1. Below 8 Å, C-alpha to C-alpha, sequence gap of six or more: please give me the relative contact order for the chain in percent.
2. Projecting each Cα onto the charge dipole of the chain (Lys/Arg +1, Asp/Glu -1 at the beta carbon, about the Cα centre), which of 301, 209, 62 comes out farthest on the positive side?
3. Nearest 0.05, what FRET efficiency do residue 509 and residue 334 give at R0 = 30 Å with Cβ-Cβ as r?
4. How much length is gained if the chain between residue 150 and residue 250 is pulled fully straight, taking 0.36 nm per residue apart and subtracting their Cα-Cα distance, in nm to one decimal?
5. Helix-derived [θ] at 222 nm for the chain: sum -39500 (n - 2.57) over DSSP H runs of at least 4, divide by residue count, nearest 500?
6. Taking 35 Å as R0, compute the FRET efficiency from the Cβ-Cβ separation of residue 142 and residue 35 and round it to 0.05.
7. Given a 1.4 Å probe and the protein chains all in place, what does the accessible area of residue 142 round to, in Å² to the nearest 10?
8. Rounded to the nearest 10 degrees, what's the angle between the helix 415-426 long axis and the longest principal axis of the chain, both from Cα atoms, 0 to 90?
Amino acid sequence: MSTATDLVETVRTPAVRLTGITKRYPGVVANSDINLSVRRASVHALVGENGAGKSTLMKTLFGLHQPDEGTIEVDGRVCSFHSPADAISAGIGMVHQHFMLADNLTVWENVVLGSEPVSGGRLDGARARADISEIGRRYGLYVDPKALVEELGVGARQRVEIIKVLYRGAKILILDEPTAVLVPQEVDELFGNLAGLKAEGLTIIFISHKLDEVRAIADEITVIRRGTTVGTADPRSVTNRQLAEMMVGSALPVPELRESTVTDQVMLRLAGVRVTSAEGRDVLTDIDLTIHAGEVLGIAGVEGNGQAELVDAIMGITPIAEGTVSLDSIDITALSTLKRREAGIGFISEDRHRQGLTLLASLWENRALGFQTRRPVAKGIFLDRAATKADTRRIVQEFDVRTPGIDVLAAALSGGNQQKLIVGREMSGNPVLLIASHPTRGVDVGAQAAIWEQLRKARAAGLAVLLISADLEELIGMSDTLTVILRGRLVGRFEPRDVTPEILGIAMTGGHEADPTETPEA
Ligand SMILES: Nc1ncnc2c1ncn2[C@@H]1O[C@H](COP(=O)(O)OP(=O)(O)O)[C@@H](O)[C@H]1O
Ligand SMILES: [Mg+2]
């Protein structure tokens, strides 16, 4: 017979408790002495940098592998899972980072796949569809059971994954970086769904490294760093900065340059540059700009005001209509992109997946991109594999690219590690000028700090840098000189020491030209 004390015990017993979990992969300790306690009917966020060991821990809880040490308790009972089937029967479900649905099947077929309801020896589709509709109603997870999965958007596919897990009776849901694939509006919908699940008494383990999201959805937060738990935080009182500091294990890096290294040697000069679009409209007008050795010139602007065209003009990706571009006093206006790169321009492009990397090639093959004609990649007209690989290892080491090796595909690395590889490659061969377009966009704080440090080092060694960034703190902190680009023109220069993001923001939107007689461009 259950007493009031028993009831209190049940409520207090964590839905999940992991104690001293250690999991080793060959050569890597992915989890080391992890402790995690998840309250029933709560959203518990597990946060940590890429590679911290979040997915590994959740695979342990879901029975995809066994821990080397430690215990798993579910609802106060010690469990040992030999397969996901064991975890599922203990009420645990997992939605993986990458969806695992069959595109050519309908929603209901996907949901029941592997646990089909049968009646009289036949698959009972009607019952399955009814069950799915019931789950949808109960938890507010709307999706048409008869729709083909290939016709669904990402948000709906994710709902199917969640329904699939609920259909198997899960009371504890693991969502591994569910928002990584969603647009903001879909994130809101997901959060609505999670709140509904929680209200129905389900427990959710939510993995993310996006701190705003975590603080918005979680009831409790556990932080893991380099494979081990470093603490818990209360989302109502913790700040992003505090969380980020727990994640990286030190005071957060600040973008700053410290002492000036600007010399009087002009490395890049654009004089009277005009660029026109295919329709003959000016996209860059009257661009005069100089960057000295040891100087970082920051360009602020709302996206689409000519930044991309400016980069293209300097890199020789598109021809200019008027004006000259010179590098270290040599006119390069007529040179091809490859020749400009050979002349000493490094280029961190805005879109690392379209321009910076070939995701389905190895790290060392990516090292060769853009360097096909130069040492150490080329030896005469031949590719020098050994030297390219050796230099890739150097980059991995010097730029702290976290990877199991240089033969893995670029796609296997996290965004931050991909970006560090690009930065390392573009800084090799001693460039005299670096074009850095959003160099730290979408990377975690650790990688961001590493990239800033590399920029500072190269600047001190005399590199000239053109920095474009939407992160105004970064732009102000990392620039010696600041200028704003607006409708294809450079408008105004700012002293990074005196300017604030607010002042820049006003200039970026043309707010300082408060001239009512000015007619907006058609
Ligand atoms: N199957 C595997 N074999 C070897 N190493 C792995 C494997 N899976 C993950 N790792 C390594 O374990 C560490 C933790 O990875 P992971 O748990 O995926 O981190 P997170 O999910 O926090 O980004 C990383 O160093 C990663 O490279
Ligand atoms: Mg992961």
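The values are calculated or read from the model by the stated rules, or taken from the named source; none is laboratory data. Model, not experiment: these values are computed from the prediction. Ideal geometry is used to build each Cβ from the backbone, glycine not excepted, and the neighbour counts take in all protein chains shown. Accessible surface areas use protein heavy atoms only, side chains included; no ligands, DNA or RNA. Shrake-Rupley method; radii C 1.70, N 1.55, O 1.52, S 1.80 Å.
1. Normalised by residue count, the contact order of the chain is 14 percent.
2. 62
3. Efficiency for this residue pair is about 0.25.
4. Residue separation times 0.36 nm, minus the Cα-Cα distance, leaves 31.5 nm.
5. Values: 17 runs with 168 residues, N = 522.
Roughly -9500 deg cm²/dmol at 222 nm, from the helical runs in the chain.
6. Details: r = 38 Å, r/R0 = 1.07.
For R0 = 35 Å, the calculated efficiency reads 0.40.
7. 150
8. 20
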